[in-house]
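Worksheet: one structure, shown below.
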Amino acid sequence: MRPIILLGLAALLQAAHAQRQVNYNVLYNWQDKIQDQGPNVCAVEEVMGTKKQYWTSCRTFWNRQICERQTIIRYECCTGYGQIQGEKGCTTELPLKNIPATLEDTGADTMLLYTTRAGLTDQLENEGAFTVFAPSNEAWAELPQEVIDALVSNVNVELRNALLYHMAEGVEEINDFSNDRMLNTLYRNSPMRINNYADSIYTVNCGRVLRPNQRATNGIVHIIDKVVTPTTGTIDDFVSNNDRFATLRTAITAAGLSEAIQGEGPFTLFAPTNEAFNKIPPETLNRILGDADSLDALLKYHILDYGFCSAFITRRHKLRTMEGSRVNVSCGRGEVGDEFRVNQDVQIVESDIVTDNGIIHVIDSVLIPNAAKNVAEMSESVAPPKINEYLSSSGLIDEMAEGGPWTILAPTDQAFDALPADVQSRLDSDTAFQKEILSRHIVEGQLTGRKLIEGQELKAIDGDTTLRTSLYRKTFCIDNACAYRGDHEANNGAVILIDRVLMPAEGSLWDLIEQDGSFSTLKTAIQTAGLVDVFKNPAVFTVFAPTNEAFENLPAGKLDELLADSEELTNLLQYHVIGQMWHRKAMRPNIKYRLPSVQGRKLEMVRAKDEDSNEYVVTINEGATITQGETLATNGLLHVIDQVLIPKARGSAAGAGAGEGGNNLISVINGGAEGEGGAAGEGGSVSVSVGGGAGGEGSVIVGGGEGASNVVTGEGGPRVIKVTSRVTLPGSGPSIWDSIDQDSDFSILMSAISTAQLEDMLDRPGTYTFFAPTDRAFKALPEDALPNLLANPEQLTEILEYHVVENVLNSKAVSPGVAIPLATLQGGQVTVRNQNGVVTVNSATVERADLINTNGIIHVIDKVLIP
């Protein structure tokens, strides 16, 4: 079938070097572009510099790259149609022909030639129906010469059998392909493995289908990119009979996994060679081989419980292993063709060895999962250089190799560089001081962010230090340091990477204020108000401390008025204190945080980039700025601010809001919260409008107690509903991220989540509700909206988090006529309704509801939600 449009050389060069936004526009406008070509025109995505082509719906490969190579779109007549000179598009329908003639029309000349030589032409012309998987001319040409010689020298047996393995009885259209299906061929009923992956990629024995569904009068032809061969033996047989894998075989036998990989499967094995095992330090290898749990974890980390062919690797993919964690597979431009890698550093040196029960990929290094590492090895692999250097020179790293469990809190190199020069010098030269400081960074137990609770006290191994935890939506903090990267669990502990060195506090909040001359006015005010003991109190606080200059900037006479009025002064000072440890680094950019002060009024804080310095700055109440933060005290944190905070009078308009005057159902759904002016708290109730007026007929009364029911009054009398339903999540199966990654309706959403780096959040344990927009939803955005979002990860993160609720909401819990507002991870609110049996979220309609995963529930929606 001949192409009707091919982009010119100038367009190719432009596509290769254009900015990302241009590529997004290509994605967004593809439907218009294809319609402009006329009727019966299909799009083909072509990889620049190669002969690779992909039939595409243009939602595929959204960033217009395949294995780091730029792609272009060209247009061809769809299967079965032809072009008439002078007419737009493909306006003539071609008559069906038999299979040999269809092979000729599709350019499979070598397949037709060999079919004729093997005496199969008459059968394929007159009998049927057949499905023929026809290797392209290039696929035949890539066979080693000795293989071709063997085939053509014995056409009646070798060549005929090879061709029959590419044929099956009946018509198997591409839509009939299901993942890991075994299809019997005409060669002794020998099966071939069919796989159906996302991005419209289909394989047969790992040969990719290039051009599907070429219909014939007596069957169908699929052009594939590989000459495939029958399988012989299991994965275990392959490993056992190949000396390259002697060490792997020994390990499999020692772990008792031989029987498992002899099973029906399908499996995928990333098989390390003997040389790969030799790269592991002997002491590490011997430890793993001698520890049953570590060895089991290591080997299962190399096995997938499904078939995975390299044809699917067009970008970065996360694959769940039998060990439970994931490996990253990716591809890029190698010196010769595409280069496939696992976890970035491990190369697949031989791919797609198809066996009776799965697929083998040979790799050049051993994949070591966290569960097979001890905490010392984990630190060496994930922690920055300086902490490992100090752990080694102090001797602590040797103590971490066995026993435990311990958790190492590992600061960055920049955190060590930020220490005073005298402290740095002493750390570099004094091993006893190293041990003293680093012992504060090692705590008892195997800790991760998801296992911590707010205010938890952690005991360091120095025997004297107690560290406090603070939890936030996107991170957690320990004392005045915050975690900046995900959890790393070893078999005897964990490593948590933090952004600050945990030095001892130099006194209470009062001590810090009293000893710093820049707070002399604040000190006088605290003494005048009689609050010294409050600032010495062992309870945990955060103080926003105005400098002397901040007080001087008050209106003339205001400071004297405050010092003369004990009640007003106390009111003002308590407005500068909140009853928790609050960290700037935990604040997400451009999100408003409203925190209750000890005084009762709320402080409104925003973290945003300063246009002049291009640094993130936290402002409070749209005026004061934190100029220095997170100074650790024995009883909390101190932030220096450049303006005095003045609380507004109670009952003012500025004081009302969510949770601060008025009723707030969100707080009840999320577990109850205290507020002013009648906000719902523990054991309280709120009223929400349902159809009729608020608080009267047609209202929902929500009890604050655990498992409370909600009484709806209105037409038909009162009835009881549940605002959130109890959903039992499965213990195993796909996560929310898995489901999105495997569903072709979510290719844009999947790429957006990757761009915003939210995969881990949607993959980790939890109880989330995710409102998932389809590709059609993204394409319905205004023309420039999608490119701008994809080019702005921070804004994209905000949009995506607006689609996530940290509770599980089953659609069956939304009764007709009921409106349920839900707090989102972004900080805003969405409203779920049931309108005549149709569930909506804001203005979006739920197309598919209640897709239950291990960590929550997905509702598929037809619009992108905008906060």
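The values are calculated or read from the model by the stated rules, or taken from the named source; none is laboratory data. All figures in this text were calculated on a predicted structure; none of them were measured in a lab. Methodologically, a virtual Cβ is constructed for each residue, glycine included, from the backbone with ideal geometry; neighbour enumeration extends over all protein chains shown. Side chains are part of the model used for accessible areas, which takes the heavy atoms of the whole protein and leaves out ligands, DNA and RNA. Shrake-Rupley method; radii C 1.70, N 1.55, O 1.52, S 1.80 Å.
The table that follows gives values for the structure above.
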item	result
Cross-chain or 6+ apart pairs with Cβ under 7 Å, segment 72-94 first and within 18 Å of residue 105 (Cα to Cα), then open to solvent by less than 10 Å² (accessible area, probe 1.4 Å) and part of a loop (DSSP other than H, G, I, E, B)	77/90; 78/90; 81/90; 82/90; 83/90
Some residue of segment 336-357 being open to solvent by less than 20 Å² (accessible area, probe 1.4 Å), part of a loop (DSSP other than H, G, I, E, B) and over 30 Å from residue 499 (Cα atoms)	yes
Number of positions in segment 559-573 that are open to solvent by 30 Å² or more (accessible area, probe 1.4 Å) and without any contact (Cβ under 8 Å) to a residue 40 or more places away in the chain	9
Residues of segment 194-204 that turn out to be open to solvent by 10 Å² or more (accessible area, probe 1.4 Å) and touching a residue at least 40 places away in the same chain (Cβ under 8 Å), as a count	4
Flag if residue 76 is within 30 Å of residue 39 (Cβ to Cβ), under 42 Å from the mean Cα position of the chain (by Cα) and either of a type in the set (A, V, I, L, M) or buried (at least 18 other Cβ atoms within 10 Å of the Cβ) (or both)	yes
Members of segment 593-625 found to be surrounded by fewer than 13 Cβ atoms within 10 Å (Cβ to Cβ) and not small (Gly, Ala, Ser), listed by number	610, 611, 612, 614, 615, 622
Tabulated pairs, segment 763-780, first farther than 17 Å from residue 797 by Cα, second of a type in the set (D, E, K, R) and surrounded by 21 or more Cβ atoms within 10 Å (Cβ to Cβ), C-beta under 7 angstrom, 6+ apart or interchain	775/59
Qualifying residue in segment 153-163 (condition: without any contact (Cβ under 8 Å) to a residue 24 or more places away in the chain, closer than 26 Å to residue 66 by Cα, open to solvent by 40 Å² or more (accessible area, probe 1.4 Å) and out of contact with any helix residue (DSSP H, G or I) (no Cβ under 7 Å at 6 or more places or on another chain))	no
Subset tally (residues that are free of Cβ contacts under 8 Å to residues at least 60 places away in the same chain, part of a loop (DSSP other than H, G, I, E, B) and among the polar types (S, T, N, Q)) for segment 290-335	2
Top-ranked residue of segment 165-186 - restricted to ones that are surrounded by fewer than 18 Cβ atoms within 10 Å (Cβ to Cβ) and in contact (Cβ under 8 Å) with a residue 40 or more places away in the chain, ranked as nearest to residue 123 (Cα to Cα)	169
Qualifying positions in segment 761-802 - in a loop (DSSP other than H, G, I, E, B), small (Gly, Ala, Ser) and open to solvent by less than 50 Å² (accessible area, probe 1.4 Å)	766
So residue 60, is it modelled with pLDDT of 80 or more, among the hydroxyl-bearing types (Ser, Thr, Tyr) and either buried (at least 19 other Cβ atoms within 10 Å of the Cβ) or assigned to a helix (DSSP H, G or I) (or both)	no
Failed criterion for residue 98 (all others in (1) more than 27 Å from residue 191 (Cβ to Cβ); (2) in contact with an Asp or Glu (Cβ under 7 Å, 6 or more places away or on another chain) hold)	(1)
Residue 87 open to solvent by 70 Å² or more (accessible area, probe 1.4 Å), at pLDDT below 95, farther than 20 Å from residue 172 by Cβ and touching a Leu at 6+ places or on another chain (Cβ under 8 Å)	no
Test: residue in segment 509-528 that is closer than 26 Å to residue 393 by Cβ, surrounded by fewer than 22 Cβ atoms within 10 Å (Cβ to Cβ) and touching a residue at least 24 places away in the same chain (Cβ under 8 Å)	no
Failed item in (1) buried (at least 20 other Cβ atoms within 10 Å of the Cβ); (2) among the β-branched types (Val, Ile, Thr); (3) touching a residue at least 60 places away in the same chain (Cβ under 8 Å), with residue 805 passing the rest	(3)
From 543, 495, 501, 534, residue being buried (at least 16 other Cβ atoms within 10 Å of the Cβ) and in a loop (DSSP other than H, G, I, E, B)	501
